[in-house]
Amino acid sequence: MPEQKPTVVPFHYIKGNCFRVVHTDGLVGNVTPSGLIFLGLYSERGPIPQMMVHEIADTGQIGPEHQDERISKKGVVREVEVGAIMSAETAMSCIAWLQEKVDLIHKLRKAAELENSNDATMH
């Protein structure tokens, strides 16, 4: 009897030791010399001061800051949280997947807006 080819295949998702969830405000990247795509996901925030000077009250409590003595970077910090390298084909699959999720969010938001407007007209 000839062996039948399987019609389904299970995929098991196992989180690696370095798995973590990161907030993403954007991405930065480019094409690598070998023709792959590199992207780095970053989060944006204000800079954290490198040094702050405070007065010490007679009671030993920390008092007001001397803001003119603060040492800090100017501007916005974009902290690159994670990097990924992928083929153009994988990037196209990611684009399609992301577009599906964006479309779903728009559909859900529109449905919620309709429901809210219907609730408002009934009261």
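Odds and ends about this structure:
- Accessible-area rank, largest first, for Val9, Val28: Val9, Val28, with all protein chains present and a 1.4 angstrom probe.
- Neighbours of Val53, meaning other residues whose beta-carbon lies under 14 angstrom from its beta-carbon, give a summed charge of -3 when Lys and Arg score +1 and Asp and Glu score -1.
- Cβ-placed point charges (K, R +1; D, E -1), dipole of the chain about Cα centre in debye, nearest 20: 500 debye
- Averaged over its residues, the chain has an accessible area of 92 Å² per residue, based on protein heavy atoms and a 1.4 Å probe.
- Of the chymotrypsin sites (Phe, Trp or Tyr not before Pro) found in the range 1-52, the ones in coil according to DSSP and having at most 10 other Cβ atoms within 10 Å of their Cβ are Phe11, Tyr13, Phe19.
- Highest-MSF residue in the chain out of Pro33, Pro64, Pro47 [GNM, Cα springs under 10 Å]: Pro64
- For Val22, the shell of other residues with beta-carbons less than 15 Å away shows a net charge of 0, using +1 for Lys and Arg and -1 for Asp and Glu.
- Cα gyration tensor shape for the range 69-123, rounded if a/c is under 1.5, else prolate or oblate: oblate
- Highest-MSF residue in the chain out of Val22, Val77, Val102 [GNM, Cα springs under 10 Å]: Val102
- Cα gyration tensor category, rounded, prolate or oblate, for the chain with a/c compared to 1.5: oblate
- Heavy-atom accessible surface of the range 3-53: percent carbon and sulfur, 1.4 Å: 61 percent
- FRET efficiency, Glu115 to Ile95 (Cβ-Cβ, R0 41 Å, nearest 0.05): 0.85
- Computed from the C-beta positions of Arg20 and Ile48 and an R0 of 22 Å, the FRET efficiency is 0.65 to the nearest 0.05.
- Summary of the geometry: the range 65-123 and the range 1-37, compared by the centres of their Cα atoms, lie 21 Å apart.
- Result for the chain in a Gaussian network model with C-alpha springs under 10 Å: among Gln61, Gln50, Gln99, the largest mean-square fluctuation is at Gln61.
The values are calculated or read from the model by the stated rules, or taken from the named source; none is laboratory data. Since the structure is predicted, the reported quantities are computational estimates derived from the model, not experimental observations. Every residue, glycine among them, receives a Cβ derived from its backbone with ideal geometry; neighbour counts consider all protein chains shown. Surface accessibility is based on the protein's heavy atoms, side chains included, excluding ligands, DNA and RNA. Shrake-Rupley method; radii C 1.70, N 1.55, O 1.52, S 1.80 Å.
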